[in-house]
1. Could you go through region 802-809 and let me know if any residue there is closer than 30 Å to residue 572 by Cα, not in a helix (DSSP H, G or I) and not charged (D, E, K, R).
2. Anything in region 449-473 that is surrounded by 17 or more Cβ atoms within 10 Å (Cβ to Cβ), modelled with pLDDT of 95 or more and touching a Pro at 6+ places or on another chain (Cβ under 7 Å)? List them, or say none.
3. For residues in region 218-248 being part of a loop (DSSP other than H, G, I, E, B) and β-branched (Val, Ile, Thr), which is most open to solvent (accessible area, probe 1.4 Å)?
4. When only residues in region 259-287 that are of a type in the set (Val, Ile, Thr) and part of a loop (DSSP other than H, G, I, E, B) count, which is surrounded by the fewest Cβ atoms within 10 Å (Cβ to Cβ)?
5. For region 24-51: of the residues being in a helix (DSSP H, G or I) and β-branched (Val, Ile, Thr), which is nearest to residue 381 (Cα to Cα)?
6. State yes or no: is residue 638 touching a helix residue (DSSP H, G or I) at 6+ places or on another chain (Cβ under 8 Å), open to solvent by less than 10 Å² (accessible area, probe 1.4 Å), touching a residue at least 24 places away in the same chain (Cβ under 8 Å) and not β-branched (Val, Ile, Thr)?
7. Considering only region 641-650, I want to know if a residue exists there that is in a helix (DSSP H, G or I), modelled with pLDDT of 95 or more and open to solvent by less than 50 Å² (accessible area, probe 1.4 Å).
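The values are calculated or read from the model by the stated rules, or taken from the named source; none is laboratory data. Source: prediction; values computed, not measured. Note that each Cβ is placed from the backbone with ideal geometry, even for glycine, and that neighbours are counted across all protein chains shown. Remember, those area values only see protein heavy atoms, side chains included, never the ligands or the DNA or RNA. Shrake-Rupley method; radii C 1.70, N 1.55, O 1.52, S 1.80 Å.
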Amino acid sequence: MTAELDDEAILSMLRPYVSAWFKEKYGSFTDPQRGAIPLIKQGRNVLISSPTGTGKTLAAFLAILDDLLSMGERGELEDKIYAIYVSPLRALDNDMYRNLVQPLAEIQEKAKQMGLQPPEVRVGTRTSDTPANEKARMLRRPPHILITTPESLAISLVAPKFRERLATARWVIVDEIHEMASNKRGSHLVLTLERLEELIKEHGGRGLQRIGLSATISPLEEVALFLGGFNDDGTPRPVEIVDARFAKPFDIRVVTPKVDLIHGDPDKINEEIYNTVAELTRAARTTLVFTNTRSATERVVFKLKKIMKSKGYVDMDEVEAHHSSLSREVRLNVEERLKRGELKVVVSSTSLELGIDIGYIDLVVLLSSPKSVSRLLQRVGRAGHHVTQVSRGIMVAVNRDDLVESTVLAKAAMERKIDNVRIPRNPLDVLAQHIIGMSIERVWRIDEAYKVIRRAYPFHDLSWEDYMNVLRFLGGSPLEDERVYSKIRLDEELGEFGRKRSARMIYQLNAGTIPDEAKIKVISRGRSIGNLEEEFVEILEPGDIFVLGGKTYRFLKADGMKVFVEPAEHERPTVPSWFSEMLPLAFDSALLVGEFRERIGQLIGQGMIDEARRVLTQEYRLEPHAAEEIIQYMWEQLAYTGVVPGRRNVLIEYFQGDDGSWNITFHALFGRRTNDALSRAYGAVLSDHLNVPVKVSVTDNAFMLTYEGRQPDEDLVNHLLRSVTSSNIRSILERAVSRTEMMRRRFRHVAQRSFMILRRYRGYERSPERMQLSAQKLLEVMMEEMPQSPVIRETYREILEDYMDLQAAQRVLSLIESGDIKVWVRGPLPYPSPFAHNVFVKEYSDVILMEDRQKIIAYLHDKIMEYLKSKGKVIVAAGAAEGLPAKGAQQADGAQAEP
């Protein structure tokens, strides 16, 4: 990035009336504006990364508006689209219309005050909500600045007449790029941009100047490559990075109720949590409270309304919920009331993380860990919605593991240790959709299209073989018996492909990457007993037990959009109902939590408890009672097992449950997506080895394999460790997921994106149920006859790399193989260790009340404390730990190492 100019130098680059308006309204430029405006004026590609409320949107638009006004003054502003603004949310589009049209009107008014007649700059929105007559008007007289979504832009690119309107674009602004880079919407968008780039060049244009707007994200260099893409010769297009991620002051702290988190009365703990939140919001003008699930949002709103009304803090209608399950009208109403200052508290899950304009917020409260440093900064960045105001965030920890995790994330956020974004590579369903889109535009040379596709960062290393397999899949018709027909005309002899007659209609009606969400009917003994979310059903396996309407049921099978179950009274659930909603702990954040656990554990093991207290209260800014809770927790684990598992130590323990089943718990602190991959691989190997069914429970900190049969021993554990390696885990997982409900559901999504299964065609719209039945039939045929087809391969890739984190799992296994991560084995233990309590009790979390769950944890804790006392292990007040395990504890494969 070039050296920043001062304000006067930047103002001098702008029209006099634009400068005067800006100076009068804002006074001075913010860091992102100071860095970006000169670069945009110079025609450079720019990535701006800064927190919410630092003026990055205005930074992008001000330079462009100024150029458009200058063109107008010279009589060069024609009825053409010059700038395209792409946003992932339609709500952001509406926001942008207000935030762009209003400044424009103010600038024009300022020009008139100065005796000038400024040119008209038009702004228009084109999304799926735009009425047909508005789209027709836009065709006759296009806006100079077009606001749209990734999906609408892709569809516009194949609209015969409007496509020509896009050919004049000079600038594209991609907002909330951090939100799209990590998923298929981002892959879809950047391929659309490369096709748009090609269109512009065909019409003699100079190509797009790309501007990306991002909240705090890392690594910026990779996101810049994602935004800019590559030239035909394979060199990356230059993108200037304006790194203003730390332009805004933050203050993030962790609090926990002053109650015994183990033995405290659950109602009392709950009450203290809500009282804590109520007191925090009382002192603030407007508070945004974040939960991690939609169901928790409704529960928190209900409790807060009750408590705050009883204390006389607010009226009931000053506390509202905002989440994705609410209707659009309800959400917009909450946003408008918040903006007008009519609400005191708004409780949200993830729906208010993006930069929707919600006015002034002076405090953000997070009920439990947000699971990643990036998400924490994004949420807290909603407070103090101005660059000079401190963004205040308070995390309320609700149990011991949550306290440890929140403590680490708060410090990491203050130090800006940001999680790395993971961008999907070569999603073949997105590729198939775009090849069909390209075929509509014109006849393409096969090698020419390959060059265009590889200019997009997610597809830059796409192999010729994979590309040709997708082309042949789309151009052939091996599944005509299943009513799946070719989508393009492919002529390999001539080396070209083009469109089939129905392609445009198929593309316009079915383009996009977001799968249809569907409710699945649950049938027990021939009658419907309720509905389940599809993302919950995809994690079920036959024999799994879950709760619906307060009763337990056993999952038997799924057929289309129906799930068949049988009652399973008095049996504990194997899958909590909220599991599919829970945010997973990011891998990079998980490693930081692991380092923290090992550091505090080491201090305690060396008898340096006063130093541990100092670290926790001074470096991590914890209250004394919270610091004591963490010290006690770490000491109990160390005293009981001799190991505090973390980044460099994995502990495997085994113990027998009350029902006689055996539980092997892997304390692997790598986040749920990584643990999902590891647990399924180890579970599959264990099941094959013992020839018994194995149940898997997964958390961010650990996973547990449960089975009935012979007692585990070190030979069995070592067999598991030897059998799953960094080189074979992919093939083990592919076998393990091939017959799962997840494979069936994800296959439907991939088949839809690839246009194998069409939701809309010739005036008909198929229900998700019909599409699922079609998908199941297709999957059976293709697994048998075409197991290497692009759609099957992409389904595996999506599950292993996007839903799970295969790459991180392979990294963990490599570190175990090299000895950089030590594996410790303990067992059979009389009780699960303290760190295993939450993964053990998680299975009970639906069928029993919180108070009973608390009783189980308290019971296990008491048993462990009795056991430790019987061994003469006590923690003493003077700050030394007595009776910790001796050196030379057993490590996996018989190695001796110090705990």
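1. Yes, because at least one residue in region 802-809 is closer than 30 Å to residue 572 by Cα, not in a helix (DSSP H, G or I) and not charged (D, E, K, R).
2. 458, 470
3. If we filter region 218-248 for residues that are part of a loop (DSSP other than H, G, I, E, B), which is where we start, we get 219, 229, 231-235, 237-239, 244-248.
Keeping just the survivors that are β-branched (Val, Ile, Thr) gives 235, 239.
On the way: 235: 60, 239: 30 Å².
Step by step, filter region 218-248, then rank; the result is 235.
4. Narrowing region 259-287 to residues of a type in the set (Val, Ile, Thr): 259, 262, 269, 273, 276-277, 281, 286-287.
If we keep only those that are part of a loop (DSSP other than H, G, I, E, B) too, we end up with 259, 262, 286.
Working: 259: 16, 262: 21, 286: 20.
Once the filter is applied, the top-ranked residue is 259.
5. Of all residues in region 24-51, those in a helix (DSSP H, G or I) come to 24-26, 31-41.
Of the ones still in play, those that are also β-branched (Val, Ile, Thr) are 37, 40.
Details: 37: 23, 40: 25 Å.
Restricting to residues being in a helix (DSSP H, G or I) and β-branched (Val, Ile, Thr), the top hit is 37.
6. Details: touching a helix residue (DSSP H, G or I) at 6+ places or on another chain (Cβ under 8 Å): yes; open to solvent by less than 10 Å² (accessible area, probe 1.4 Å): no; touching a residue at least 24 places away in the same chain (Cβ under 8 Å): yes; not β-branched (Val, Ile, Thr): yes.
For residue 638, the condition - touching a helix residue (DSSP H, G or I) at 6+ places or on another chain (Cβ under 8 Å), open to solvent by less than 10 Å² (accessible area, probe 1.4 Å), touching a residue at least 24 places away in the same chain (Cβ under 8 Å) and not β-branched (Val, Ile, Thr) - is not met.
7. Kept after step one, since they are in a helix (DSSP H, G or I), are these residues of region 641-650: 641.
Subset that is modelled with pLDDT of 95 or more: 641.
If we keep only those that are open to solvent by less than 50 Å² (accessible area, probe 1.4 Å) as well, we get 641.
Yes, region 641-650 contains at least one residue that is in a helix (DSSP H, G or I), modelled with pLDDT of 95 or more and open to solvent by less than 50 Å² (accessible area, probe 1.4 Å).
For every residue, the table says whether it meets (1) of a type in the set (Phe, Trp, Tyr); (2) modelled with pLDDT of 80 or more; (3) open to solvent by 40 Å² or more (accessible area, probe 1.4 Å).
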position: 805; (1), (2), (3): no, yes, no
position: 835; (1), (2), (3): yes, yes, no
position: 852; (1), (2), (3): no, no, yes
position: 867; (1), (2), (3): yes, yes, yes
position: 890; (1), (2), (3): no, no, yes
position: 899; (1), (2), (3): no, no, yes
